[in-house]
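Worksheet: one structure, shown below.
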Amino acid sequence: MDGKCENQAYLLLMKTNKAIQERIRLEMITNGLNVTEFSVLEVLYLNGKQTMHQIGDSILVSSGSLTYVINKLEQKGLLKRNACLNDRRVIHVELTNDGISLMNEIMPDHRNFINYMFESLNEEESQTIVKLLGKVSERVNA
């Protein structure tokens, strides 16, 4: 055994993930964002006001990295932070009007790209992927 991974499902999943992330990265560059910045904006766009903790859990980044990204997006005028009135340790983050406008512009193309990637699958195939990845995810998180 030479240590080379031979699990085809894993290799294809990683290769596909890398290709998707690269395509999204290129898409976001044209909007002046990196993928992490877009991910933060997407969470806020889809879910409304969130705490820093909720955003971090959604996009799976460390609190230090998230603070840096939030600072950059705040400097760009795309989001704002507000202290929670009930708990001074909690910071709420929400999109500004400029952030909402940008996401209204970006999201249709992004959704179209996501739909395009998966439109070659019929409903049963799509559900099979969801089920199988769910099983792998359960094992990873066990």
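The values are calculated or read from the model by the stated rules, or taken from the named source; none is laboratory data. This is a predicted model, so every value here is computed, not measured. Heads up, the Cβs are rebuilt from the backbone with ideal geometry, glycines too, and the neighbour counts pull from every protein chain shown. The accessibility values were calculated without ligands, DNA or RNA, using every heavy atom of the protein model including side chains. Shrake-Rupley method; radii C 1.70, N 1.55, O 1.52, S 1.80 Å.
Overview of results
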| item | result |
| --- | --- |
| Test: residue in region 31-41 that is closer than 30 Å to residue 135 by Cβ, within 13 Å of the chain's Cα centre (by Cα) and open to solvent by 90 Å² or more (accessible area, probe 1.4 Å) | no |
| Enumeration of residues in region 110-125 that are over 27 Å from residue 40 (Cβ atoms) and surrounded by 12 or more Cβ atoms within 10 Å (Cβ to Cβ) | 121 |
| Counted residues, region 1-30 - those being touching a residue at least 24 places away in the same chain (Cβ under 8 Å) and among the β-branched types (Val, Ile, Thr) | 2 |
| Residue match in region 97-109 (condition: more than 17 Å from residue 45 (Cα to Cα) and open to solvent by 70 Å² or more (accessible area, probe 1.4 Å)) | no |
| Qualifying helices (runs of 4 or more DSSP H) (wholly inside region 40-129; at least 3 residues being over 23 Å from residue 29 (Cα atoms)) | 52-59 |
| Failed item, numbered, when residue 25 is tested on (1) open to solvent by less than 80 Å² (accessible area, probe 1.4 Å); (2) touching a helix residue (DSSP H, G or I) at 6+ places or on another chain (Cβ under 6 Å) | (1) |
| Residue within region 59-82 that is of a type in the set (D, E, K, R) and in contact with a Gly (Cβ under 8 Å, 6 or more places away or on another chain) present | yes |
| Members of region 96-121 found to be among the aliphatic types (A, V, I, L, M) and either in contact (Cβ under 8 Å) with a residue 40 or more places away in the chain or in contact with a Lys or Arg (Cβ under 8 Å, 6 or more places away or on another chain) (or both), listed by number | 100, 102, 103, 106, 107, 117 |
